[in-house]
Every structure is written in structure tokens, then in C-alpha cells.
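Peer 1: Right, I'll just put the structure down here and ask away after.
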Amino acid sequence: MKRIVSGALTLALVALSAMGAQKPKVDKIDPPHWWTGMHSDTLQLLVSGQNIAAAEPSLSYPGVTLAERVELQSPNYQLLYLAIGQDAQPGTFPITFTEGKKSTTVDYTLKPRQLKPEEHQGFTSADVLYMVMPDRFAQGQGQTTTSGLEYPIGADRSAFDGRHGGNIAGIHEHLGYIDSLGVTAIWINPVFENDMPGGSYHGYATTDYYAVDRRFGTNQEYKDLIADAHSRGLKVVMDMIFNHCGSNHPWKKDMPARDWFNNPDEYIQTNFRLNTISDPYASDYDRDLTVNGWFVEAMPDLNQRNPHVWKYLTQNSIWWIEEAQIDGIRMDTYPYADFNAMGRWCKAVADEYPNMNIVGECWIARDGGPAFWQKGSTVNVLGDPQLPTVMDFPMVYVAKEAFNKDGGLYKLWEHLTLDYLLPDPTHILTFLDNHDTDRYLLEEPTDLGQWKQAQTFLLTTRGIPQIYYGTELLMHGDMKPTDGNVRLDFPGGFPGDTTNAFTAAGRTPLQNEAWDFLSTLLNWRRTNEAVKTGTLKHFMPQDGIYVYQRKAADGSDVVIMLNGNDREATMRTVQTAEVLPIGSTRRDMLTGQSLTIADTLTLSPPAKS
């Protein structure tokens, strides 16, 4: 027995000695490359590898110096902060990691920038966003695989909450369809790697911030999609998530530091009550739980107050802007992250790209709530949020009632009367539904009167409109039994589909009526400055009729009249004479017919429009 123990000990010592003689191992460096001539002269490199913390780094490259090395609590990470001078030139240089007499050298590349900072255009009220969920839109002939994943979960279209096989190539192959609809930008749900149990088809549980999920395709395919979109005049908005990552992220398995996550030792769920952040009477307990609790158990909560975490996330967003030439960012679960850190992130992006736009998902359902979160807020006691664009969640709920209740259009008027709270109402994202809400249509309609009214209002009121994929096909449903019911596959996007709604021949007559109406309205909006950038004037609804004007800087205008009744209604035009003088003549944009403004105007109910 003693001999066996002695032999085991000898073998163990030999193994340890051999291990000590091994070269330092570098598995990954984030970001994988960078650029010269950036606004920020400090680059953070997160180096990971078995026991890499023990290795001393060194480098030599003109204009680049190692400013700081940070050892984290895990032995398998170290942070390097490089100072990159304005005189640094594009090129590749070695970084050597030395431990004892052994060393490992890896090459790092600085690239030239493709565009000037101001040439990154962003998105504005002149745009209309078409929101696409990659897994559910279409499957194309792309370079997809499950090889190398810890959870190689493939497509199962029978599962509401499983992967269905949509990919980047599917979006790319249908860019012509999206363009012909008349939108000007595509908001694509997250494409980051989600190597998670269950598959995480939605993309919101990131396991690698620098890699496209291989089931969607490759980084190059994503870049090619964006380049082709740009050639058609379409912008691309990238969905990002800084509040949390996936539970299978390497950080969660091997935390770089104890404070990399909030509540790192146990699952404590957020209370989902964002009002605690703006509530002047909120308890510390409630507010802390909102921000530092986990969104769900599969999504551990990142601590943006840790300066290294903040720098990593900030660089990641800048990396994707520079690498893929995206035109904007939609930030998921924005208020759940640290308020001050997110404000600094917005400013860092704006400093680098002055025309870039960011829209934050601030799910505050009550009127006035978005005003707390927009840049320049005068009602936010915490400071300036720095967030350029906020999502108008109150409108989702207002519109449901306004367009489905006899005489309900006054709700729209009431909603817009509170715009004085917003620092910039033109930079608010307006929508009727998205992947996280019930579809605007809970069931397929028998006529399109009210649906057409709702789409008309969305595309002609103030703000930046967003349309959810399938709206043009009257896709419908609620969040029951799961949210997969509002994330159904686009008909015709997948092999084996019996109908192809990407073509007129594959759509029903009612779907074609909807598609033609929406396309006509969208393509008209593309060229109408009054609707894209003009001022808004509206009139208090009379007898259920809501009238408003959009007026461009050159004096051209559009007047929209909506009858919110289930019956024919008549309005007195004395109220609207300042935009519709009695006796003047107008042309109906949809029919092309001329209309002379009389003392009264009679409007048909929307169901008969």
C-alpha cells in the first residue's frame, strides 16, 4: 500500500513538473482585432487561457504601448490595456506571454477604418424599421452548422420554443422582398452565439459576444447581408444585450472576478418593476432588486458598474459598428442595467460616431414613462440618460383600445398631448407590436378597415415607425401558450412550406389587399418629407374623427383624417380651417381623387373604407 501511494505521489510530482514547463496557453483574445484612428485611445484586451494570469505580456509596435495589466481573480484571465496613439498605423504585431523560461506569442491586428466617423448614418424618423427574427423568418443556403457547440440543438419546427432553422442567408435571399415592401431599415434580433440548453432560438442569451451563432451562419455572412442591404438603400439595426448573458457563457462557468455578475452565488430574479427606478418614493430594496436581479435563471445579470465589464461591453458595440457597418443599435432590457454605466456607454458610442442612433427597450406601459429615459430628460432626477431614442410602449396599449373601440381615437390624441414631456418626440420608436407583445391582430380580420387605420396612423404620426415581420400578411395571435405563438415562421420561408407568401400568388386575396395597402403607404412615405421630418399639429377629435397635419420645412404638408366610429360621421371643418381652408382642394393620396373642403365633411366608417 505504501509503495502504491509513493508511486502515485511520484507520478503526481512528475505531472506537476511537466505542467510547469508548458508554454502559456492563449485560447482567446477579445476583441479579435481593432482599428487605428479611433476616438478612444485605450483598447482593452481580455485574454483567456488556462493559468494565463501568471504569464507576463510584452509587445513592441510603433504608436502602441502596454499601459496597464490587470490580474483578475480567476487565474484563467488577464486584462491588457493598450494605449494606441494617433500615429499608430494599421498592421499586425506580436504580443508575447512569458512564464519562467517559456513563452507564447500571438499576433494582433490593427485595421484601417472603412468610413469616417460621421459617415455612419444611424436611423431617424425618415426611416421605417422592419423587425425580423432570424430563426423564424427564412432558411437560406448558408454556412450553418451545429458542430463544435456544447449544445448542438438543431431545428424542430414543431416546437413553439425550439429552433426552426431560419438563418442569415434566409434574410439575405429575401432582401428584395423587404425592399419592395417600402421599409428603409431592418432591425434584426440578436445573432450572437447562444450555445444554451434548449437552443435559445431568440438570441437573447449570449455565450460569445464576438461570434454569430453558427446555426445562423458566419460573421462574414452577416457582413455580406449588411453590405447588400446598403447597396439597396436599406439600413441595418443590430440587437444587443448588455444587461445579461447566457448561463453557459464562459464567464459564468469561470468568473473572471467576483463582481463580474450581480448576485453571483444564487439566482435572485428581478421584480420586473421598472417604475422603481423613476419612483421618487421607491425603497432601496425594491430598486436594487429591479436592477441587480436576474432577468431569468438562464440569463445571469452582468454588473456594468465593474469598469472592466463596462469597457468590454462598450468595445463590443463599437467593434460591431466598425466591423459590420451596422447603422444603429437596439439595446434590449435597457433600464435593467446600471443607469450611469449605460449613460456612459451611450456617450462613448456618440463620441465615436456622432450620427449613430441607439434605441433602448424601456418597457414602461404608462403614458409619460418614456420621457424619463430619453437623452436630455428634464424629469429624470438621476441625471441625463444619454439615450437618443426610446420605445413608445404606451402607444402599443393605447392603439389597441383606440382602433378597436367605437369612437376611441381620442385616446391617440390624449397620448400625444403628453409629448411635452419628451425631450425629442421625433426620436421615439413607435410600433403596434413586436416579438415580445401580442400581435396587433389577435385573429385574422374579415375586413381591413380598422387595420388600415392603425397602419396609417403608425406611418404618419411623429417618431420612427417599426413594423413586425408578417404584419403585411395579417399574421396574428397572442402570447398563449408561449411567446412562440407571436413568433411564427414566415410562410414560404422554409423548405416544405406549402404556401409562399413572399409572392403575390402565394398570398390570399385579403393578404394581398393588406400587402398592397402597406406597400403603397410605405413607398409613398419614402419620398414624403412632411411625414418623414415635418412638424405635427392635431385637432381634438370631434364626433370620433381625428384630424392631424404633418408639415415639412418647405411648407408642403399632409393632412390625415381618421373616422374612429363604426358608422358614417360628419365633421365641421371650421375647427380644421387652419390646415384645411374651406373651399380649398386636396388630393387623396390613396385614390388620387380630388376633394374640395366644404363646411362639413362626411367620412365613411373604416370597415367600409
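Peer 1: Would you pick out the residues in the range 320-359 that are open to solvent by less than 20 Å² (accessible area, probe 1.4 Å), touching a Lys or Arg at 6+ places or on another chain (Cβ under 8 Å) and closer than 17 Å to H244 by Cα?
Peer 2: A341
Peer 1: Continuing with this model, one more query. What do you reckon, is D367 modelled with pLDDT under 95 and among the acidic types (D, E)? Spell out how you get there, then give the answer.
Peer 2: Numbers: modelled with pLDDT under 95: yes; among the acidic types (D, E): yes.
Against the criterion (modelled with pLDDT under 95 and among the acidic types (D, E)), D367 qualifies.
Peer 1: Between a residue in the range 245-258 that is under 21 Å from D213 (Cα atoms) and open to solvent by less than 40 Å² (accessible area, probe 1.4 Å) and any residue that is charged (D, E, K, R) and modelled with pLDDT of 95 or more, which pairs come within a Cβ distance under 7 Å, given they are 6 or more apart or on different chains?
Peer 2: Every condition considered, the pairs that remain are N248/E150; N248/D195.
Peer 1: Being out of contact with any Pro (no Cβ under 6 Å at 6 or more places or on another chain) and assigned to a loop (DSSP other than H, G, I, E, B) narrows it down to one of A514, A577, so name that one.
Peer 2: A577
Peer 1: If you don't mind, there's one more thing I want to ask. When you check P264 against the structure, is it at pLDDT 95 or above and either buried (at least 22 other Cβ atoms within 10 Å of the Cβ) or touching a helix residue (DSSP H, G or I) at 6+ places or on another chain (Cβ under 8 Å) (or both), yes or no? Talk me through it step by step, then tell me what you get.
Peer 2: Numbers: at pLDDT 95 or above: yes; either buried (at least 22 other Cβ atoms within 10 Å of the Cβ) or touching a helix residue (DSSP H, G or I) at 6+ places or on another chain (Cβ under 8 Å) (or both): yes.
Judged against the criteria, P264 is a match.
Peer 1: Hey, can you tell me all the residues within the range 172-189 that are part of a helix (DSSP H, G or I) and within 14 Å of G492 (Cβ to Cβ)?
Peer 2: We begin by selecting, within the range 172-189, every residue part of a helix (DSSP H, G or I); these are 172-173, 175-181.
E173, G176, Y177, I178, listed by residue number.
Peer 1: List every residue pair whose Cβ atoms lie under 9 Å apart, where the two residues are 6 or more positions apart in sequence or sit on different chains, the first residue falls within the range 35-47 and is within 24 Å of M255 (Cα to Cα), and the second residue, located anywhere, is open to solvent by 40 Å² or more (accessible area, probe 1.4 Å) and assigned to a loop (DSSP other than H, G, I, E, B).
Peer 2: Listed by first residue and then by second, the contacts come to V47/D27.
Peer 1: Then there is this: Name every residue in the range 287-319 that is small (G, A, S) and open to solvent by 10 Å² or more (accessible area, probe 1.4 Å), in order of residue number.
Peer 2: Selection gives A298 alone.
Peer 1: Here is a further query. For the range 54-83, which residues satisfy the criterion of being open to solvent by less than 10 Å² (accessible area, probe 1.4 Å) and of a type in the set (G, A, S)?
Peer 2: A55, S74
Peer 1: Mind listing whichever residues of the range 101-118 are open to solvent by 20 Å² or more (accessible area, probe 1.4 Å) and outside any loop (DSSP other than H, G, I, E, B)?
Peer 2: Filtering the range 101-118 down to residues open to solvent by 20 Å² or more (accessible area, probe 1.4 Å) leaves 101-107, 109, 111-118.
Within the range 101-118, K102, S103, T104, T105, V106, D107, T109, K111, P117, E118 meet the criteria.
Peer 1: Please work out which residue is farthest from the chain's Cα centre (by Cα), limiting yourself to the range 294-343 and to residues that are farther than 17 Å from D259 by Cα and charged (D, E, K, R).
Peer 2: That would be E297.
Peer 1: Within the range 194-203, does at least one residue satisfy the condition of being among the polar types (S, T, N, Q), touching a Phe, Trp or Tyr at 6+ places or on another chain (Cβ under 6 Å) and either buried (at least 22 other Cβ atoms within 10 Å of the Cβ) or not in a helix (DSSP H, G or I) (or both)? Break it down into steps so the answer makes sense when it comes.
Peer 2: The initial filter retains those residues of the range 194-203 that are among the polar types (S, T, N, Q), namely 194, 200.
Those still in the list that are touching a Phe, Trp or Tyr at 6+ places or on another chain (Cβ under 6 Å) too: none.
Among the residues of the range 194-203, not one is among the polar types (S, T, N, Q), touching a Phe, Trp or Tyr at 6+ places or on another chain (Cβ under 6 Å) and either buried (at least 22 other Cβ atoms within 10 Å of the Cβ) or not in a helix (DSSP H, G or I) (or both), which makes the answer no.
Peer 1: Here's something else I'd like to know. What are the residues in the range 438-454 that are within 26 Å of the chain's Cα centre (by Cα) and either open to solvent by 20 Å² or more (accessible area, probe 1.4 Å) or closer than 23 Å to D332 by Cα (or both), if any? Step through it out loud before you land on a result.
Peer 2: So in the range 438-454, the residues within 26 Å of the chain's Cα centre (by Cα) come out as 438-442, 451, 454.
Within the range 438-454, D438, R439, Y440, L441, L442 qualify.
Peer 1: Restricting the search to the range 516-527, which residues are open to solvent by 30 Å² or more (accessible area, probe 1.4 Å) and either in contact (Cβ under 8 Å) with a residue 24 or more places away in the chain or not polar (S, T, N, Q) (or both)?
Peer 2: Matches in the range 516-527: D516, T520, N523, W524, R526.
Peer 1: Given the structure, is S247 part of a loop (DSSP other than H, G, I, E, B) and of a type in the set (G, A, S)?
Peer 2: Numbers: part of a loop (DSSP other than H, G, I, E, B): yes; of a type in the set (G, A, S): yes.
Judged against the criteria, S247 is a match.
Peer 1: Separate question: Let me spell it out: the conditions are (1) under 24 Å from the mean Cα position of the chain (by Cα); (2) outside any helix (DSSP H, G or I), and A169 meets all of them except one. Which number is the exception?
Peer 2: So the condition that A169 fails would be (2).
Peer 1: State all residues of the range 268-315 that are assigned to a helix (DSSP H, G or I), over 19 Å from S247 (Cβ atoms) and in contact (Cβ under 8 Å) with a residue 60 or more places away in the chain; if no residue qualifies, say none.
Peer 2: N275, I277, S278, H308, K311, Q315
Peer 1: Have a look at Q121, Q89, Q139 and point out the one that is exposed (fewer than 14 other Cβ atoms within 10 Å of the Cβ) and part of a loop (DSSP other than H, G, I, E, B). Lay out the reasoning, then the answer.
Peer 2: Values: Q121 fails: exposed (fewer than 14 other Cβ atoms within 10 Å of the Cβ); Q139 fails: exposed (fewer than 14 other Cβ atoms within 10 Å of the Cβ).
The match here is Q89.
Peer 1: Every residue in the range 557-574 that is part of a loop (DSSP other than H, G, I, E, B) and surrounded by 15 or more Cβ atoms within 10 Å (Cβ to Cβ), please.
Peer 2: Let us first name the residues in the range 557-574 that are part of a loop (DSSP other than H, G, I, E, B), namely 564-568, 573-574.
Across the range 557-574, the qualifying residues are G564, N565, D566, T573.
Peer 1: While we're here: Every residue in the range 528-544 that is assigned to a helix (DSSP H, G or I) and open to solvent by 30 Å² or more (accessible area, probe 1.4 Å), please.
Peer 2: Taking the range 528-544 as the starting set, the residues that turn out to be assigned to a helix (DSSP H, G or I) are 529-533.
Answer for the range 528-544, where residues must be assigned to a helix (DSSP H, G or I) and open to solvent by 30 Å² or more (accessible area, probe 1.4 Å): E529, T533.
Listed here are the residues, each with its yes/no results for (1) open to solvent by less than 20 Å² (accessible area, probe 1.4 Å); (2) of a type in the set (F, W, Y); (3) closer than 30 Å to Q542 by Cβ.
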position: A371; (1), (2), (3): yes, no, yes
position: V396; (1), (2), (3): yes, no, yes
position: E401; (1), (2), (3): no, no, yes
position: L409; (1), (2), (3): yes, no, yes
position: L412; (1), (2), (3): yes, no, yes
position: T417; (1), (2), (3): no, no, yes
position: L421; (1), (2), (3): no, no, yes
position: D436; (1), (2), (3): no, no, no
position: T456; (1), (2), (3): no, no, yes
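Peer 1: Quick check on the range 474-493. Is at least one of its residues farther than 20 Å from M395 by Cα, of a type in the set (S, T, Y) and without any contact (Cβ under 8 Å) to a residue 12 or more places away in the chain?
Peer 2: The answer is no, given that none of the residues of the range 474-493 is farther than 20 Å from M395 by Cα, of a type in the set (S, T, Y) and without any contact (Cβ under 8 Å) to a residue 12 or more places away in the chain.
Peer 1: Could you count how many residues in the range 415-458 are part of a helix (DSSP H, G or I) and either more than 29 Å from M571 (Cα to Cα) or in contact (Cβ under 8 Å) with a residue 12 or more places away in the chain (or both)? Explain how you work it out, then say what you get.
Peer 2: Filtering the range 415-458 for residues part of a helix (DSSP H, G or I) gives 415-421, 425-427, 449-458.
From what's left, either more than 29 Å from M571 (Cα to Cα) or in contact (Cβ under 8 Å) with a residue 12 or more places away in the chain (or both): 415-416, 418-419, 421, 425-427, 449-458.
The number of residues fulfilling the criteria is 18.
Peer 1: For the range 484-511, give me each residue that is open to solvent by 50 Å² or more (accessible area, probe 1.4 Å) and either hydroxyl-bearing (S, T, Y) or part of a helix (DSSP H, G or I) (or both).
Peer 2: Across the range 484-511, the qualifying residues are T498, T499, T503, A504, A505, T508, P509.
The values are calculated or read from the model by the stated rules, or taken from the named source; none is laboratory data. Every value quoted in this text rests on a predicted model; they were computed, and no experiment measured them. Heads up, the Cβs are rebuilt from the backbone with ideal geometry, glycines too, and the neighbour counts pull from every protein chain shown. Please note that ligands, DNA and RNA were not included when accessible areas were found on the heavy atoms of the full protein model with its side chains. Shrake-Rupley method; radii C 1.70, N 1.55, O 1.52, S 1.80 Å.
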